[in-house]
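Reading through the structure tokens given below for one structure.
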């Protein structure tokens, strides 16, 4: 079952590459006492993700923070090395937290796993965005197609 507004996000752990190496970031650490703009996407370096979805959050990071978001986080079923390289390539450093759901367990737990065999992608994430307040989903937008990003864009998040 897909996570719904009003539901708490399940406990999970993400991987992030830092100067000290790969570290785990728990949902508690990420979300407790914070307002978070959390968005998920099918994969790093994929067309819509790289040309529109992530860049929109990078470009609007200051506006999102001014709107009250403590953290902006991108989640993808990828490894932390790919997420780090992709973040650097898109200018996300210091603006968007790049989190690897390396084994897809978080994505599966929130019910947003998708297989895209035409693209060679299995066990990936639907394209979505959510406003999370102190660990509870306040707003959720899931795209009807992974090729769309209007409903889960940074601009849509700002309108929320």
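No value in this document is a laboratory result; all are computed from the given coordinates. Because the structure is predicted, anything quoted here is derived from the model rather than measured. Here Cβ is always computed from backbone atoms with ideal geometry, including for glycine, and neighbour counts include all displayed protein chains.
Here are a few things to note about the model shown:
- Contour minus Cα-Cα distance for residue 138 and residue 66 (0.36 nm per residue): 24.1 nm
- Taking the average, over residues, of other Cβ atoms within 10 Å as the packing measure, peptides 3-9, 115-121, 74-80 rank 74-80, 3-9, 115-121 from highest down.
- Cβ-Cβ distance of residue 20 and residue 156, R₀ of 45 Å, FRET efficiency by 1/(1 + (r/R0)^6): the value works out to about 0.80.
- Beta-bridge orientation, region 13-159: approximately 70 percent antiparallel, per DSSP, counting only bridges with both partners inside.
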